[in-house]
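J.: Take this structure first; my questions come after.
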Amino acid sequence: MLNGKVAIVTGAGQGVGQGIALALASKGAKVAAMGRTLAKVEETSRLIEKRGGVAHPIGGDVKSAADLSRCVDETVATFGGVQILVNNAQQVPLGPLNALSDEQVSEGWESGPLATFRMMKLCYPHLKGDGCIINLASTAARRWDATGYGAYAAVKEAVRAFTRGAASEWGPDNIRANVILPHAKSPALKWWAENNPEEAAAFVATIPLQRIGECEEDIGEVVAFLCSEAASYVSGQSIAVDGGQAYMP
């Protein structure tokens, strides 16, 4: 399905990023797993290799332009190219607007939209001809009550805007760009549910399928499909992988 493809996945040391890396590798892609904590992406790489896949761990912070550039260069040097880019890493600026600092919002911007913008441009020369970009956003922007989610929704909506721009401008280069908006059993969601049990229970109750998605089986598999030839005519879309909760016009 993805044999011969090389993928970069940021934030691949745990949660959704790890699930996506595992799913892409299971379909034959060689995976460069990038994350802030080298030990975590080394573990992701070990899991991939235990299954017979090929992976290369890269330590780095997506807020660093130098680290992003090194990640792309190291991936190309190791595997010979890049055909798939998954921008997953994100520091989450959650909380009421009056409680958030400039620094928290800046970290959300730098790790999300700005890192996505930088990585897409860095990978562009390698993606030309047969490339696929998957960026991660959030259905937080679809909430009627955005209390505590305004800054998070703002940075994730910026990711969607950059993705639509890439799909429109780079389509003639045969580069596809899509967004997924997942609900998944990530460490961040687990922490949130443990610290907000009543809100978490109410949240799950609003999901028609009545469950949170699995990082690999539910989220990763969708990403693998979108990167495959079966989805070669899908670009510029925002796809909620959330059990039917959000309506994405």
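J.: Most mobile of 106, 238, 138 per a Gaussian network model of the chain (Cα springs, under 10 Å)?
T.: Highest fluctuation among the options: 106.
J.: Please give the calculated 222 nm ellipticity per residue for the chain, where each DSSP H segment of at least 4 residues contributes -39500 (n - 2.57) and the sum is spread over every residue; nearest 500 deg cm²/dmol?
T.: -13000 deg cm²/dmol
J.: Determine the sum of side-chain charges near residue 229: Lys and Arg each +1, Asp and Glu each -1, restricted to other residues whose C-beta is under 12 angstrom from that of residue 229. Write down the numbers at each step before the final one.
T.: On the way: positive: 5, 27, 176; negative: 130.
The answer is +2.
J.: Looking only at the range 23-152, where both bridge partners belong to it, what percent of the DSSP beta bridges are antiparallel (to the nearest 5)?
T.: Numbers: 0 of 9 bridges.
Just about 0 percent of them are antiparallel.
J.: If you take the beta carbon distance between residue 77 and residue 194 as r and set R0 to 41 Å, what does 1/(1 + (r/R0)^6) give as a FRET efficiency, to the nearest 0.05?
T.: E(calc), rounded to 0.05, equals 0.50.
J.: So how long is each side of the range 1-69 along the principal axes, counting just the alpha-carbon atoms, biggest first, in Å?
T.: Per principal axis, max minus min of the Cα coordinates gives 32, 20, 17 Å.
J.: Something else: Which chymotrypsin sites (Phe, Trp or Tyr not before Pro) in the range 88-155 pass both tests, a DSSP loop state and at most 15 other beta-carbon atoms within 10 Å? Could you put the intermediate results ahead of the total?
T.: Numbers: sites: 109, 117, 144, 149, 152; in loops: 144, 149.
Sites meeting the loop and neighbour criteria: 144.
J.: Would you mind telling me which residue in 101, 45, 168 has the biggest mean-square fluctuation in a Gaussian network model of the chain, where springs connect alpha carbons within a distance under 10 angstrom?
T.: Comparing 101, 45, 168 in the GNM, the peak value goes to 101.
J.: Note down the magnitude of the dipole of the range 117-201 about its Cα centre, charges +1 on Lys and Arg C-beta and -1 on Asp and Glu C-beta and zero elsewhere, to the nearest 20 debye.
T.: On the way: 11 positive and 8 negative charges, 49 e Å.
Computed charge dipole of the range 117-201: roughly 240 debye.
J.: Same structure, new question: In the neighborhood of residue 139, defined by Cβ-to-Cβ distances under 12 Å, what is the net charge if each Lys or Arg adds +1 and each Asp or Glu adds -1? It would help to have the intermediate numbers written out before the result.
T.: Values: positive: 142, 143, 156, 160; negative: 157, 242.
Taking every other residue near residue 139 into account, the sum is +2.
J.: Fewest Cβ neighbours within 10 Å first, please rank 233, 124 accordingly. Please list the in-between numbers first.
T.: Details: 233 7, 124 18.
Least to most surrounded, the residues fall as 233, 124.
J.: Can you tell which of 90, 104, 18 shows the greatest fluctuation in a Gaussian network model of the chain with Cα springs below 10 Å?
T.: Top of the fluctuation ranking is 104.
J.: With charges only on Cβ, +1 for K and R and -1 for D and E, what is the dipole size of the chain about its Cα centre, in debye, rounded to 20? Could the numbers behind the result be given before it?
T.: Numbers: 22 positive and 26 negative charges, 91 e Å.
With only Lys, Arg, Asp and Glu charged at Cβ, the dipole is about 440 debye.
J.: Would you give the gap between the C-alpha center of the range 1-71 and the C-alpha center of the range 173-209, rounded to a whole Å?
T.: About 21 Å separates the Cα centre of the range 1-71 from the one of the range 173-209.
J.: Could you quote the convex hull projected area for the range 19-156, Cα atoms only and averaged over all directions, in nm²? Please report the intermediate quantities before stating the final value.
T.: Working: hull surface 36.1 nm².
Directional mean of the projected Cα hull area for the range 19-156 stands at 9.0 nm².
J.: When N counts the residues of the chain, how does its alpha-carbon radius of gyration compare numerically with 2.2 N^0.38 Å, as a ratio?
T.: Numbers: Rg = 17.0 Å, N = 249, 2.2 N^0.38 = 17.9 Å.
Rg over 2.2 N^0.38 Å, computed on Cα atoms: 0.95.
J.: Work from the charge dipole of the range 65-222 (Cβ charges, +1 for Lys and Arg, -1 for Asp and Glu, about the Cα centre) and give the residue of 132, 92, 213 farthest towards its positive end.
T.: 132
J.: Among 221, 194, which comes first, second and so on when ranked by fewest other beta-carbon atoms within 10 Å?
T.: Numbers: 221 20, 194 9.
Listed from fewest to most nearby Cβ atoms, that is 194, 221.
Here, each number is a calculation from the coordinates, and none is a lab measurement. Small disclaimer: the values here were computed from a predicted structure and weren't measured. Every residue, glycine as well, gets a Cβ built from its backbone with ideal geometry; the counts of neighbours run over all protein chains shown.
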